[in-house]
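S.K.: Before I ask anything, let me first share the structure, which is written out below as structure tokens.
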Amino acid sequence: MRPIEQSCFWLATRPRCVAPVPLAGNCRADVAVVGGGFTGLWTAFFLKQLDPACEVVVLEKGVTGYGGSGRNAGIVSNCIDHSHAAAVSHFGREEAARLARLGIENIDELAAFAVDCDFERTGQLHVALTARQMDDLSRGAEVASRLGIDGYRTLSAAQARAEIDSPLYQGAVFVPGGGIINPVKLVDKLARQIRELGVKLFERTAVSAVERQAVRTPGGTVSAQKVILATDAYSHHLFPQLLARFIPLYDYILVSEPLTEAQLRCVGWRNRQGVLDGRTFFNYYRLTADNRILWGTSEAVYYPPNRVDEGCDHSQAHYDALLASFRRHFPPLAELAFPYAWGGPIASTTRLTPFFGTLSGGSIIYALGYTGHGIGSTRLAGKILAHLALARPSELTGLRLVKEKPFPYPPEPLRWLAVQAVTRSLRRLDRGEKPGLLLAALDALKIGFSS
Ligand SMILES: Cc1cc2nc3c(=O)[nH]c(=O)nc-3n(C[C@H](O)[C@H](O)[C@H](O)COP(=O)(O)OP(=O)(O)OC[C@H]3O[C@@H](n4cnc5c(N)ncnc54)[C@H](O)[C@@H]3O)c2cc1C
């Protein structure tokens with residue numbers, strides 16, 4: 001299997017201009033950021049916005065975007081939770097309305113920043129493959145409209161197929177506000193901007209230990225008043241105790257050859273929306289700027305015990321299943337070749353949203369656990385982390401999302417058994433069976449599962 005830099009479409013087609021510079025020697029900073037994904041880069045960006053004199057160092061073990069930020073599907077949502085209905089269930093109506101407003105502002109600002117990152121504000125199409133999924137999607141649209149969000153549109157099967165022509169569609173809901181982006185272009189733009197603002201960015205620099213006000217790497221130590229941990233699914237490698245609140249999972253994706261004009265005419269997709277279907281283990285898909293189809297699955301894998309390493313970057317079983325599901329959706333494109341295939345780690349929480357906290361008496365601050373849904377929320381998290389690091393007041397730091405932790409996961413070996421049991425139940429649910437006792441109990445505890 002090819003290394004991730006060649007198998008991931010975004011990373012493989014990345015034009016790189018700045019050669020990675022590792023840390024060599026000791027230095028000091030006001031804030032040291034560990035992790036060069038969206039969370040770390042946005043945090044550095046907002047630190048400089050809030051205090052241009054703040055000395056910031058970012059340390060990344062691979063190259064920027066090596067983690068989920070460079071490997072994702074690039075489907076952008078303006079909803080901070082997985083849906084507005086989920087936000088109401090997790091945080092109550094008032095906070096859900098606040099999150100909805102913040103999510104919309106956040107994506108508007110992201111769009112202004114990402115003008116040259118192939119960001120297309122297409123919105124999303126949430127498609128139903130069964131009548132029950134259509135009922136669920138319609139209920140979700142009603143919740144959004146009760147929170148005052150305009151623009152959701154319910155589509156019949158014929159209207160959905162007029163947008164994208166799959167024989168499997170039973171209907172759809174158009175979800176406004178989000179879009180599709182080239183995530184690596186966003187990473188690169190952020191890296192360029194923070195360098196221009198004076199941030200020192202060291203790549204190929206693996207942090208081996210974070211201590212009170214000192215970050216150790218093989219090439220030297222950074223002394224800093226505050227350390228931001230922006231390592232998402234990798235966080236337990238430095239702080240195993242964080243595993244109590246998240247589980248690392250792997251999502252897998254295929255990207256096709258560019259479609260010809262005739263192939264595009266077959267599927268329609270003139271409005272180029274990012275698409276998700278209504279199952280628990282759903283497919284997500286989109287067109288790239290050069291009209292390839294990116295085809296992913298949220299049927300994420302847990303590799304016990306909490307593995308996140310290169311050995312998980314590929315799964316032939318997932319690639320075969322992805323290809324089969326693509327062909328079921330678009331039979332006329334059955335011959336389409338998919339030269340790119342890869343996986344990436346996400347940090348999943350039981351409430352499907354990130355959590356925040358501090359370690360080492362407050363000198364280390366972290367945010368992680370975006371649950372496969374982080375392009376928008378990492379920007380908000382970066383803003384929150386910057387305010388926390390500089391002790392600046394903000395309505396953001398008072399959010400329940402920031403102050404409260406998600407329900408914990410069990411440790412091994414129970415964790416593996418629980419994942420197996422829940423996966424089996426969710427597969428039954430997606431086949432149209434009743435939820436069963438386990439899912440009903442978890443639902444009562446407001447525990448969600450998705451990637
Ligand atoms: C396959 C896949 C598809 C996805 N699709 C979508 C999508 O369509 N829409 C969406 O909104 N979200 C999606 N996501 C989720 C989204 O990509 C993540 O939520 C987001 O990128 C998390 O950003 P981050 O910066 O917190 O973490 P990461 O991008 O994972 O960054 C963490 C960084 O820390 C570095 N690091 C780790 N340990 C160390 C160390 N010891 N020293 C130095 N550096 C270290 C890593 O190399 C990595 O670069 C997807 C994720 C995956 C994997």
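The values are calculated or read from the model by the stated rules, or taken from the named source; none is laboratory data. This one's a predicted model, so the numbers in the text were calculated from it and none came from an experiment. Cβ coordinates were reconstructed from backbone atoms using ideal geometry, including for glycine residues, and neighbour counts include every protein chain displayed.
S.K.: Where in segment 389-444 are the helices (runs of 4 or more DSSP H), entirely inside, with at least 2 residues that are surrounded by 15 or more Cβ atoms within 10 Å (Cβ to Cβ) and of a type in the set (Val, Ile, Thr)?
M.R.: Values: elements: 400-403, 414-430, 436-444.
Fully inside segment 389-444 and qualifying: 414-430.
S.K.: If you don't mind, another one. Can you tell me how many residues in segment 2-32 are within 19 Å of the chain's Cα centre (by Cα) and of a type in the set (A, V, I, L, M)?
M.R.: Going through segment 2-32 one residue at a time, the tally reaches 2.
S.K.: Further question: Based on this model, can you work out whether Ser235 counts as surrounded by 18 or more Cβ atoms within 10 Å (Cβ to Cβ) and within 29 Å of Val173 (Cβ to Cβ)?
M.R.: In short, no.
S.K.: Answer yes or no as to whether Lys200 is in contact with a Cys (Cβ under 8 Å, 6 or more places away or on another chain), closer than 21 Å to Gly376 by Cβ and modelled with pLDDT of 95 or more. Talk me through it step by step, then tell me what you get.
M.R.: Values: in contact with a Cys (Cβ under 8 Å, 6 or more places away or on another chain): yes; closer than 21 Å to Gly376 by Cβ: no; modelled with pLDDT of 95 or more: yes.
For Lys200, the condition - in contact with a Cys (Cβ under 8 Å, 6 or more places away or on another chain), closer than 21 Å to Gly376 by Cβ and modelled with pLDDT of 95 or more - is not met.
S.K.: Which one is nearest to Leu243 (Cα to Cα) among residues in segment 295-319 that are part of a helix (DSSP H, G or I) and among the hydrophobic types (A, V, I, L, M, F, W, C)?
M.R.: Within segment 295-319, the subset part of a helix (DSSP H, G or I) is 310-312, 316-319.
This time we only want the ones that are among the hydrophobic types (A, V, I, L, M, F, W, C), so: 312, 317.
Working: Cys312: 18, Ala317: 27 Å.
Taking the candidates together, the pick is Cys312.
S.K.: Please verify whether Ala114 is hydrophobic (A, V, I, L, M, F, W, C) and within 16 Å of the ligand (Cβ to nearest atom), treating the condition exactly as stated. Before you say what the answer is, go through the steps one by one.
M.R.: Working: hydrophobic (A, V, I, L, M, F, W, C): yes; within 16 Å of the ligand (Cβ to nearest atom): yes.
The answer is yes for Ala114.
S.K.: Ok, one more. Please enumerate the residues belonging to segment 264-300 that are of a type in the set (Lys, Arg) and over 20 Å from Val175 (Cα atoms). Steps first, answer last, please.
M.R.: At the first step, the residues of segment 264-300 found to be of a type in the set (Lys, Arg) are 265, 270, 272, 279, 286, 292.
If the condition is that a residue be of a type in the set (Lys, Arg) and over 20 Å from Val175 (Cα atoms), then Arg265, Arg292 are the ones that fit.
Yes or no, residue by residue, for (1) touching a helix residue (DSSP H, G or I) at 6+ places or on another chain (Cβ under 6 Å); (2) outside any strand (DSSP E or B):
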residue	(1), (2)
Ile104	no, yes
Asp116	no, yes
His126	yes, no
Leu137	no, yes
Ala144	yes, yes
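S.K.: Going through Gly62, Gly74 one at a time, which residue ends up being out of contact with any helix residue (DSSP H, G or I) (no Cβ under 8 Å at 6 or more places or on another chain), near the ligand (Cβ under 10 Å from one of its atoms) and small (Gly, Ala, Ser)? Walk me through it before giving the result.
M.R.: Values: Gly74 fails: out of contact with any helix residue (DSSP H, G or I) (no Cβ under 8 Å at 6 or more places or on another chain).
When all the criteria are applied, what remains is Gly62.
S.K.: Considering segment 287-325 alone, what residues qualify as being touching a helix residue (DSSP H, G or I) at 6+ places or on another chain (Cβ under 9 Å) and either over 25 Å from Arg14 (Cβ atoms) or modelled with pLDDT under 95 (or both)?
M.R.: Thr297, Glu299, Val301, Tyr302, Tyr303, Pro304, Pro305, Asn306
S.K.: Related question: Among the candidates Val115, Val57, which residue alone is at negative phi and surrounded by fewer than 18 Cβ atoms within 10 Å (Cβ to Cβ)? Can you show your working first?
M.R.: Details: Val57 fails: surrounded by fewer than 18 Cβ atoms within 10 Å (Cβ to Cβ).
Sole residue among the options that is at negative phi and surrounded by fewer than 18 Cβ atoms within 10 Å (Cβ to Cβ): Val115.
S.K.: Looking only at segment 294-341, filter to residues that are over 22 Å from the mean Cα position of the chain (by Cα) and among the acidic types (Asp, Glu); which one of those is nearest to the ligand (Cβ to nearest atom)?
M.R.: Filtering first and then ranking leaves Asp320.
S.K.: Here's a check for you: in segment 141-160, which residue that is crowded, with 20+ Cβ neighbours inside 10 Å and of a type outside the set (Val, Ile, Thr) is farthest from Arg272 (Cα to Cα)?
M.R.: Ala144
S.K.: Quick check: is even one residue across segment 95-104 free of Cβ contacts under 8 Å to residues at least 12 places away in the same chain and surrounded by fewer than 21 Cβ atoms within 10 Å (Cβ to Cβ)? Walk me through how you get there before you give the answer.
M.R.: Looking only at segment 95-104, we keep the residues that are free of Cβ contacts under 8 Å to residues at least 12 places away in the same chain, and these are 101.
Still in the list and also surrounded by fewer than 21 Cβ atoms within 10 Å (Cβ to Cβ): 101.
Yes, segment 95-104 has at least one match.
S.K.: Tell me which of these Phe46 doesn't satisfy, since it passes every other one: (1) in contact (Cβ under 8 Å) with a residue 24 or more places away in the chain; (2) surrounded by fewer than 16 Cβ atoms within 10 Å (Cβ to Cβ); (3) over 20 Å from Leu352 (Cα atoms).
M.R.: (2)
S.K.: To continue, here is another question. Taking into account only those residues within segment 342-376 that are within 7 Å of the ligand (Cβ to nearest atom) and not in a strand (DSSP E or B), which is surrounded by the most Cβ atoms within 10 Å (Cβ to Cβ)?
M.R.: First pass over segment 342-376, keeping only residues within 7 Å of the ligand (Cβ to nearest atom): 343-346, 368, 370, 372-376.
Next cut, not in a strand (DSSP E or B) only: 370, 372-376.
Numbers: Tyr370: 29, Gly372: 21, His373: 24, Gly374: 27, Ile375: 26, Gly376: 23.
Result: Tyr370.
S.K.: Could you look through segment 382-391, keep only residues that are under 23 Å from Ala209 (Cα atoms) and aliphatic (A, V, I, L, M), and pick out the one that is farthest from the ligand (Cβ to nearest atom)?
M.R.: Leu390
S.K.: Taking Val207 as the residue in question, decide whether it is within 26 Å of the chain's Cα centre (by Cα), buried (at least 19 other Cβ atoms within 10 Å of the Cβ) and not in a loop (DSSP other than H, G, I, E, B).
M.R.: Details: within 26 Å of the chain's Cα centre (by Cα): yes; buried (at least 19 other Cβ atoms within 10 Å of the Cβ): yes; not in a loop (DSSP other than H, G, I, E, B): no.
It is false that Val207 is within 26 Å of the chain's Cα centre (by Cα), buried (at least 19 other Cβ atoms within 10 Å of the Cβ) and not in a loop (DSSP other than H, G, I, E, B).
S.K.: Let me ask something additional. Only residues that are within 12 Å of the ligand (Cβ to nearest atom) and assigned to a helix (DSSP H, G or I): list them for segment 8-59, please.
M.R.: Matches in segment 8-59: Phe9, Trp10, Leu11, Phe38, Thr39, Gly40, Leu41, Trp42, Thr43, Ala44.
S.K.: Among the numbered conditions (1) touching a residue at least 60 places away in the same chain (Cβ under 8 Å); (2) over 21 Å from Phe326 (Cα atoms); (3) among the polar types (S, T, N, Q), tell me where Gln124 comes up short.
M.R.: Single failed check for Gln124: (2).
S.K.: Please go through segment 30-45 and pick out each residue that is among the hydrophobic types (A, V, I, L, M, F, W, C) and closer than 22 Å to Arg212 by Cβ. Don't jump to the end; show me each part of the working.
M.R.: Of segment 30-45, the ones among the hydrophobic types (A, V, I, L, M, F, W, C) are 31-34, 38, 41-42, 44-45.
Once the filter is applied, which keeps residues that are among the hydrophobic types (A, V, I, L, M, F, W, C) and closer than 22 Å to Arg212 by Cβ, segment 30-45 yields Val31, Ala32, Val33, Val34, Ala44.
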